[in-house]
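Chemist: Sharing a structure with you now.
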Amino acid sequence: MKVVWANEPPVTTAVIMEQIGKEKEWKIQTIVSLMLRLAERGFLRSEKNGKEREYFPLVAREDYLKFETGNFMKQYHDNSLFNLINTLYDDKALTDEDIDELLKWAKERRD
């Protein structure tokens, strides 16, 4: 989806392959399968134009991120922000600066 959002629609399979296929060492069929799944889930519209397939985003990036973040929170953190932050803290993934920013953010929301 990042490639689709980063380019002016329509985005072709060739553009997607050029931007992520080589980096991830994916074959064209892997890209086509991924795009088909995204279309089936309602994130993309797919059209055949000659030999090329074109993709159009149906979901805004922000809406997609909310959807995926919600799934992640439900699946791994019981929908608890505290559980997520605690996991990051326990894994030492939070710096003192991160903690200061979180405290500032929480205080601003509370005021």
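FYI, it's all coordinate maths here, none of it is from the lab. This structure is a prediction, so every number in the text was calculated from the model and none was measured. Cβ: placed from backbone, ideal geometry, glycine included. Neighbour counts: every protein chain shown.
Chemist: Need one number: nm distance between label points at A106 and K27, each 7 Å from Cα along Cα→Cβ, rounded to one decimal.
Modeler: In this crude spin-label approximation the distance works out to 5.0 nm.
Chemist: Is the C-alpha gyration tensor of the stretch 1-57 telling us rounded, prolate or oblate? Criteria: a/c under 1.5 is rounded; beyond that, a/b larger than b/c is prolate, otherwise oblate. Spell out each step's value before the answer.
Modeler: On the way: a/c = 1.32, a/b = 1.30, b/c = 1.01.
Rounded, because the longest to shortest axis ratio a/c is under 1.5.
Chemist: Can you spot the aspartates and glutamates whose alpha carbon is less than 17 Å from K66's alpha carbon? Ignore those fewer than 8 places along the same chain.
Modeler: Correct list for K66: D78.
Chemist: Further, regarding this structure: Relative contact order for the chain: what is it in percent, counting Cα pairs under 8 Å that are at least 6 residues apart? Don't skip to the end; give the middle numbers.
Modeler: Numbers: 74 pairs, mean separation 21.9, N = 111.
Over the chain, the number comes to 20 percent.
Chemist: Tilt of helix 61-77 relative to the longest C-alpha principal axis of the chain, in degrees (0 to 90, nearest 10)?
Modeler: Tilt relative to the chain: about 60 degrees.
Chemist: Here is a follow-up. Distance check, please: which entries in K48/K74; K24/K104; K2/K107; K24/K107; K24/K92; K2/K74 exceed 30 angstrom between their Cα atoms? Intermediate values should be presented prior to the final figure.
Modeler: Details: K48/K74 36 Å; K24/K104 38 Å; K2/K107 33 Å; K24/K107 41 Å; K24/K92 28 Å; K2/K74 23 Å.
In this structure, K48/K74; K24/K104; K2/K107; K24/K107 exceed 30 Å between Cα atoms.
Chemist: Helix 96-110 against the longest principal axis of the chain: what's the angle in degrees, Cα atoms only, rounded to the nearest 10?
Modeler: The helix 96-110 is inclined about 80 degrees to the chain.
Chemist: May I ask you to derive the relative contact order of the stretch 1-57, considering only C-alpha pairs under 8 Å and at least 6 residues apart, and to give it as an integer percent? Spell out each step's value before the answer.
Modeler: Working: 57 pairs, mean separation 24.4, N = 57.
For the stretch 1-57, the relative contact order is 43 percent.
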